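Undergrad: Quick one: the structure is below, and I'll ask about it shortly.
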Amino acid sequence: MNLNNKSLSHLAETGACNANITLPHYNRDQVKIGIVHLGLGAFHRSHQAYYTEQAMNQYGGDWGICGVAMRNETLRKNLSAQDGLYTIAKLADNNQFQVIGALKEVLVAQQEIEKVIDRMVNPDTKIVSVTVTEKGYCLNSAGLLDIKNPDIQHDLNNTNSPNSIIGIISLALFKRFSEQTPAFNVIACDNLPENGKKLKDAVLAFSQYLHPELVNWISQNVCFPNTMVDSITPKTEQATVDLVEAELGIKDLSPVQREMFTQWVIEDCLSGEQPRWQEVGVVFSNDVAGYEHTKLRILNGLHSTLAYLGCLTGFDTVYQAISEPLVKDFLLELVDQEISPSINLPKGLNLYKYSRDIIARFENSKIQHKLAQIACDGSIKISIRILEPMLENLRAGRPTKNLALVVACWIHFVVSEYKAGKSLNDPMAERLYAAVANFTDDNAANVAKLLNVEGLVCSELIQHPQFLPSIINAYSKLMRTQDNLLAALK
Ligand code: CS2
């Protein structure tokens, strides 16, 4: 039996569920679509859609989601065949399963952009949310709209059939402005600091090309709260599909897996209608920046560290890498001596406990989180997660030795992928590989070549007298211990 409305009713009526399975409590047929979500990856389905589901389970409301996959036709096919239903497998010692009903419609932007825009322009749509990963924001290294980005260039020349979320959101808002339909709010949910502000600035920069008054209208009518999102959600594997089938007795072709822990902090400026998220655990705060910094630098910073170090050392998953005592000790030293001092603590947060809880989350043996998944898009992730705290430490005269070693590991990772003839999963892959192609046996020159790639390191950092020397030092150490990289951690 496959998952769909019929098999779900059957499950509910026959009481075939055990206590570990939660089904939608509301009448899906009557729910209207109130949210359009751009970027229908696993993270949205495990996180924001879950909170919306919880809010509808308890309080109802017209908060059905139209999920827009940017390109993934297979995902649409699978989810549509299941009437939009899918399961979240929450993995812990005692697994829990939740069938989510909030996803009411699935569209693919690349193939049916008119339908996507119509749905966004529909007055029932009150919220547009976004998870398209850091590179989907089309920003330059200063965090502003990158006009040279090929998708932005495409969208400027084809304003009615945009590819990027910037072009899509701007066009939908332009239509609402022209039709005098009240605006929707936009919630950015990706791992970049000030995600809402950056998205807003990019949309404003783009929308000036659509209509001179649009910029003003958006500024006055659309909220773009900053947010912090957190829940470790590895890519769906065949094992996830099998696990869900074994538990539900129903085949779900598109389940998602995540840890039990989940957190969502939204800047407390979101006016207008919204699901009753605050009643189901979403935190509304005036200090999202504090939460963002803490999470991006500790959880994501340590994740990227594990990814490059672990891939180079031959580990496959986060759990395997953190189980190596030398790796764990390095992480603890990095967080205590170099990351934590760079953080402006949100009120009431105990940084020591926060960091130890994160390490414990990495030690969850039920989660098979592939390091290769985290290692992608390194040029953007390293910049946000490692180079930003490094710059702040250098400004304040604090140590940066371990942060420098992480950057050196990333450089070595890029070189290793190049030498192995693999294609690099990174928006700057071409430029990075062009630099690596010119490497010689001079470590110092090699590091300088890579870090000087246009758009990678901001000018203040690259010009800081201690920056390049510290990375060269770390990289040379790595090169000396190549056969036993773990020795470089001591
Ligand atoms: C990870 C994140 O892939 C990555 O870059 O660091 O997806 C991480 O798992 C989430 O941010 C956890 O909330």
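Each reported figure results from applying straightforward, stated rules to the coordinates on display, with no laboratory input. Just so it is clear, the structure is predicted and the values come from calculations on it, not from any experiment. Heads up, the Cβs are rebuilt from the backbone with ideal geometry, glycines too, and the neighbour counts pull from every protein chain shown.
Undergrad: Apply the a/c threshold of 1.5 to the C-alpha gyration tensor of the range 180-221 and tell me whether it is rounded, prolate or oblate.
TA: oblate
Undergrad: Okay, moving on. May I ask for the Rg/Rh ratio of the chain, computed from Cα atoms with Rh as the Kirkwood radius, given to two decimals?
TA: 0.97
Undergrad: What is the antiparallel percent of DSSP beta bridges lying wholly in the range 1-148, to the nearest 5?
TA: Here the share of antiparallel DSSP bridges comes out near 25 percent.
Undergrad: Going highest first, how would you order 306-315, 448-457, 237-246 by mean Cβ packing within 10 Å?
TA: Order by mean packing, descending: 306-315, 448-457, 237-246.
Undergrad: On to the next question. What percent antiparallel are the DSSP beta bridges of the chain, to the nearest 5?
TA: 30
Undergrad: Among the aspartates and glutamates, which fall within straight-line cross-link reach of residue 198, defined as a Cα-Cα distance under 18 Å, with same-chain neighbours fewer than 8 residues apart omitted?
TA: List returned: 134, 146, 151, 190, 267, 268, 287, 292, 388.
Undergrad: Just flag the GluC sites (Glu not before Pro) in the range 117-226 sitting in loop per DSSP whose Cβ has no more than 13 other Cβ atoms within 10 Å.
TA: Of the GluC sites (Glu not before Pro), the ones in loops of the range 117-226 whose Cβ has at most 13 other Cβ atoms within 10 Å are 179, 213.
Undergrad: Another question, then. To the nearest 20 debye, what charge dipole does the chain have about its Cα centre, counting +1 at the Cβ of each Lys and Arg and -1 at the Cβ of each Asp and Glu?
TA: Here the size comes out at about 380 debye.
Undergrad: Write out the trypsin sites (Lys or Arg not before Pro) in the range 364-396 meeting two conditions: DSSP loop, and at most 16 other Cβ atoms within 10 Å of their Cβ.
TA: 366
Undergrad: Follow-up question, since we're still on this one. In nm, what is the difference between 0.36 nm times the number of residues separating residue 329 and residue 370 and their Cα-Cα distance?
TA: Residue separation times 0.36 nm, minus the Cα-Cα distance, leaves 12.7 nm.
Undergrad: Karplus couplings for the range 198-213 from phi (6.51 cos²θ - 1.76 cosθ + 1.60, θ = phi - 60°), rounded to Hz, Gly and Pro as x?
TA: 5, 5, 4, 4, 5, 5, 5, 4, 6, 5, 4, 7, 8, 6, x, 8
Undergrad: A follow-up question, please. Determine the shape class of the range 149-202: with a ≥ b ≥ c the square roots of the Cα gyration tensor eigenvalues, call it rounded for a/c under 1.5, and otherwise prolate if a/b is greater than b/c, oblate otherwise.
TA: oblate
Undergrad: Structure shown: which of 401/490; 370/422; 295/366; 104/200 lie over 19 Å apart, alpha-carbon to alpha-carbon?
TA: 295/366; 104/200
Undergrad: Further question: Please list, ordered by chain and number, the residues whose modelled amide H lies under 5 Å from the amide H of residue 253; skip anything fewer than 5 residues away on the same chain.
TA: Here 3 satisfy the definition.
Undergrad: A follow-up question, please. Any aspartates and glutamates with Cα under 17 Å of the residue 90 Cα? List them, leaving off those in the same chain fewer than 8 positions away.
TA: Here the aspartates and glutamates satisfying the reach criterion relative to residue 90 are 53, 230, 237, 242, 245, 247, 252, 259, 363.
Undergrad: Tabulate in residue order the Karplus-calculated ³J(HN,Hα) for the range 466-473, using 6.51 cos²θ - 1.76 cosθ + 1.60 with θ = phi - 60°, rounded to whole Hz; enter x for Gly and Pro.
TA: In residue order, the calculated couplings are 9, 5, 4, x, 5, 6, 4, 4 Hz.
Undergrad: Continuing with the same structure: Dipole magnitude of the range 287-411 about its Cα centre, charges +1 at Lys/Arg Cβ and -1 at Asp/Glu Cβ only, in debye to the nearest 20?
TA: Rounded to the nearest 20 debye, it is 160 debye.
Undergrad: Shape verdict for the range 40-129, please, from the Cα gyration tensor: rounded (a/c under 1.5), prolate (a/b greater than b/c) or oblate.
TA: oblate
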